Structures are given as structure tokens and as C-alpha cells.
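Shown next, in C-alpha cells, is the structure this report addresses.
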Amino acid sequence: MIALDHVGLAVPDLEQAIRFFEETFACELVFTAGPYDNTGWVWPGETDAEELSLRLAVLRQGDTLNIELLEYTSRTRELPDRAPRPADPGGQHIAFFVEDIHGIERRLRERGDVHFMNATETEYDSPIEGTEWCYFLTPWGQAIELIRWEAGLPYERSTARRMLAPHWRRGIDHVEVAR
């Protein structure tokens, strides 16, 4: 048995990130820990570990996802000038399925501390036609996607496999997995 346990995100200010996820995505703080000293590792191509101090927090978004926020301080190595873009090697984003994508986009734009990469778009002429999505950057540069889709997407006509719907839609949406 395998299941996704959490997504870990490095953040520059732990309290700011906790507030952001609580206010924006109704996350609940489960616990904080640290500081822990000397937490660095030796990465490929390096000869020694960077001695870091770490504080962390684990948040829970309903019963869908655990998010681990990691604040590293006492850095001795130069930091990149920006977070990796999703298209960069090692880059990534976290996506939240939302029922009211336009309402959440509107509320986030009113905050003034996030940067939208696009307005909500609708997919056309693709395997996920009808899907609505947009990307924004948190105040510290983390890429987040908002997404909304319905069962019955065009890709479903060519395979018995299905994307996993949010738990609250599984009674509404038919979820089928190919054997």
C-alpha cells in the first residue's frame, strides 16, 4: 500500500507561510518543531554539508493533504535569487482543486501580496478540455496552481484510467481505474 503523505516546501519565513496557507486554503496547523541545528546534508558534487538551522511546521488541508513547511536559517552558502520555476529542472508546483476557482482567484488578487501568472483559463481541444486553471506565486515565490475539472473529460474516451477526484466528489464523479 502506498499513499501520498505530504508535500514539503522550503519557505523563507515560517510564520508568514503558515498564515498564508491558513488564510488562503483553510489549512490547519498540526504542529511546529525546532529549531534543529546542523541539519544540512552532503549533496552530489559537494564535499561537505552546509550547517543549517531548521524550523518546520506541518499543516493539514482538510482531509486531502499534509503540507510540511521548512524554514532553513543560518545559511553559509549563497541562495539563488529566486525559487525554481516549474519548468526548471527540480522545479515544481503544488495544485489545489477548488470548486469556486473564480471566487478564490478574485480573493487572492485582492490580497496584493501574490503575483498571478495568468487569469483563470479554460482548456480547449485537449485531453482535459473544460478544465479551468491558473497559476500564481506566493509572496515568497512558490508556484501554486488552482484547478477545477469535471468527470467526463475527453481523455476518458480512450482509456479506462481516471485521474483521482477530490474525495468529496467521488460520490458524484465516477472514478474507475484500469486493471
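The values are calculated or read from the model by the stated rules, or taken from the named source; none is laboratory data. Quantities reported herein were computed from a predicted structural model and do not represent experimental measurements. Cβ sites come from the backbone with ideal geometry, for glycine too, and all protein chains shown count toward neighbours. Calculation scope for accessible area: heavy atoms of the full protein, side chains included, ligands and nucleic acids excluded. Shrake-Rupley method; radii C 1.70, N 1.55, O 1.52, S 1.80 Å.
In a residue-by-residue description of the range 18-38, the property of being at pLDDT below 95, in contact with a Gly (Cβ under 8 Å, 6 or more places away or on another chain) and of a type in the set (Asp, Glu) applies to no position. Residue pairs whose Cβ atoms lie under 9 Å apart, sitting 6 or more positions apart in sequence or on different chains, and linking a residue in the range 30-48 that is among the β-branched types (Val, Ile, Thr) to a partner that is open to solvent by 90 Å² or more (accessible area, probe 1.4 Å) and modelled with pLDDT of 80 or more, are VAL30/ARG60; THR39/GLU51. All conditions but one from (1) in a loop (DSSP other than H, G, I, E, B); (2) surrounded by 12 or more Cβ atoms within 10 Å (Cβ to Cβ); (3) acidic (Asp, Glu) apply to GLU71; the one that does not is (1).
Considering the range 4-33 alone, what residues qualify as being of a type in the set (Gly, Ala, Ser) and open to solvent by 40 Å² or more (accessible area, probe 1.4 Å)? Once the filter is applied, which keeps residues that are of a type in the set (Gly, Ala, Ser) and open to solvent by 40 Å² or more (accessible area, probe 1.4 Å), the range 4-33 yields GLY8, ALA10, ALA26.
For the condition among the β-branched types (Val, Ile, Thr) and either over 16 Å from HIS6 (Cα atoms) or surrounded by 14 or more Cβ atoms within 10 Å (Cβ to Cβ) (or both), VAL58 qualifies. Considering the range 120-164, the residues that are aromatic (Phe, Trp, Tyr) and in a loop (DSSP other than H, G, I, E, B) include one that is most open to solvent (accessible area, probe 1.4 Å), namely TYR124.
Restricting the first member to the range 81-109 and to residues that are among the hydrophobic types (A, V, I, L, M, F, W, C) and at pLDDT 90 or above, and the second to residues that are assigned to a loop (DSSP other than H, G, I, E, B) and open to solvent by 50 Å² or more (accessible area, probe 1.4 Å), no beta-carbon pair is closer than 7 Å while six or more apart or on different chains. For the range 40-47, check the following and say yes or no: at least one residue is under 23 Å from ARG77 (Cα atoms), open to solvent by less than 80 Å² (accessible area, probe 1.4 Å), of a type outside the set (D, E, K, R) and at pLDDT below 95. Within the range 40-47 (the criterion being under 23 Å from ARG77 (Cα atoms), open to solvent by less than 80 Å² (accessible area, probe 1.4 Å), of a type outside the set (D, E, K, R) and at pLDDT below 95), the answer is yes, since at least one residue qualifies.
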